[in-house]
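The structure under discussion appears below in the form of structure tokens.
The values are calculated or read from the model by the stated rules, or taken from the named source; none is laboratory data. Here the structure is a predicted model, which means the values were calculated and not measured. So basically every Cβ, Gly included, is an ideal-geometry build from the backbone, and we count neighbours across all protein chains shown.
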Amino acid sequence: MTSRAVPGSVRAARLVGAARRGSRRLPPTVRDSLVPALLLLNIATTGAPQGLPVAVALTAALALPLVWRRRAPLTVFGAVAAAAFVQWLTDVQLPADVALLVALYTVAANAGRRATLAAAVVAEAGALLACLRWATDGAFLTPFVAVTATVVAAAVLGLNVRTTRAYLAALEERAAHLEHQQDQQARLAVAEERTRITREMHDIVTHNLSVMVALTDAARYAQHRSPDRATAAMLQISETGRQALTDMRRTLGILRTDEPDAQRHPLPGIAQLEALADQMGAAGLPTRVEVEGSHSHIPATAQLTVYRLVQEALTNTFKHTPAGTRATVRIRCSAGTVTVDVTDSGPCPPPPGAAPSGHGIPGMRERSAAYGGTLRAGPLPGGGWGVRTRLFLDSAGAASA
């Protein structure tokens, strides 16, 4: 580590750099074996013949431990430092001293800060001893500063590599976490959309099939006594079937951007409640609709929710009440809320099985909860059955309706 050894060290450093650049695609063990091999080749081809065996032995002691530097960086550094101290004791100058810098870099890149500091102190002590013994013409300061700079550079470079490696590992972990989180959100969105479509299909199929069955029974009953009424019922069955197909295409068409029915037919809303009441009346459930306030400011999704709530409530009334029952639908619209009130004149208390079961009431509760509402369904004090809820248009859950 003297000024006389600087050309040899520079040449060795260049060989080490060339070896690292040319071996990036090799396995780590093979890559680490190239540095000792080049150092041994360098001393074998450039060393003086009279001291060659000692130089080769010391070079091997300095360089060969580097083969295992990634597996045990602290142990390898200790072995190299011990070999360097033996070299100092035997007063032999070698370009292979660069192995101590490589070992220091490996400690800084793979061990903690305390281990790096300890290794840097040992390397600096070696630099001091080398300069005290081998500095020529009293030129101690210049080689000492130069060697100290290389020690600091090796430690700082290793710390930077370690920091960069930790940063990249944190980025990979964060990316994996974000990917997992995104995958979970996608699954939740799919599950939510599946639930929404299932709810829509349940309402569409249950309502329209109930109406079509009732109209079919009525048409069969009236086909001999009143052919005109039977014909009207059959026409109503056909219209109900077409409406059901349209609703199904509209619901499923949301999943396809090329589905024309989703654009041709607007979502049903409060304005379509009169047509729904006429349909229920034709099926045998006279229904009156009362709308208070303007509904022009109500979003289409909220109007669809109101429509589906009324449709399901009327379907339940139609299925679970005897003939002669009448239904009333009251909708009250204000700036921030919509109140839905559906009542019927069925028997009270309801007979066994009259209380709606299955997915109807839970589905209505889910729709209402999406707008911050609480649905109440049950017998009325004066007789009949009632379904009531209030939707809050500014509710945070409205988007999920």
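Things to note:
- Qualifying position, being in a helix (DSSP H, G or I) and over 53 Å from the mean Cα position of the chain (by Cα), among 164, 142, 148: 142
- Scan of segment 93-139 for residues that are touching a residue at least 40 places away in the same chain (Cβ under 8 Å), under 46 Å from the mean Cα position of the chain (by Cα) and not in a helix (DSSP H, G or I), ordered by number: none
- Checked against (1) within 38 Å of the chain's Cα centre (by Cα); (2) modelled with pLDDT under 90, residue 320 passes all but a single condition, namely (1).
- Residue check for residue 206: farther than 19 Å from residue 269 by Cβ and either out of contact with any Gly (no Cβ under 8 Å at 6 or more places or on another chain) or part of a loop (DSSP other than H, G, I, E, B) (or both): no
- Pick from segment 53-84, criterion touching a residue at least 24 places away in the same chain (Cβ under 8 Å) and over 55 Å from the mean Cα position of the chain (by Cα), ranking: surrounded by the fewest Cβ atoms within 10 Å (Cβ to Cβ): 54
- Residue 200 being surrounded by 10 or more Cβ atoms within 10 Å (Cβ to Cβ), charged (D, E, K, R) and at pLDDT below 80: yes
- Taken over segment 290-344, the criterion of being closer than 17 Å to residue 390 by Cα, hydrophobic (A, V, I, L, M, F, W, C) and not in a helix (DSSP H, G or I) is satisfied by 291, 298, 329, 331, 333, 335, 338, 340, 342.
- Single residue of segment 387-401 satisfying the filter (surrounded by fewer than 17 Cβ atoms within 10 Å (Cβ to Cβ) and over 20 Å from residue 188 (Cα atoms)) that is modelled with the lowest pLDDT: 394
- In segment 241-256, the residue that is modelled with the lowest pLDDT out of those that are aliphatic (A, V, I, L, M) and assigned to a helix (DSSP H, G or I) is 252.
- Taken together, 100, 132, 141, 89 contain a single residue that is exposed (fewer than 14 other Cβ atoms within 10 Å of the Cβ) and under 19 Å from residue 57 (Cα atoms), which is 89.
- Number of residues in segment 296-334 that are buried (at least 19 other Cβ atoms within 10 Å of the Cβ), under 16 Å from residue 368 (Cα atoms) and polar (S, T, N, Q) equals 3.
- Condition met for residue 180 (out of contact with any Gly (no Cβ under 6 Å at 6 or more places or on another chain) and either at pLDDT 80 or above or among the polar types (S, T, N, Q) (or both)): yes
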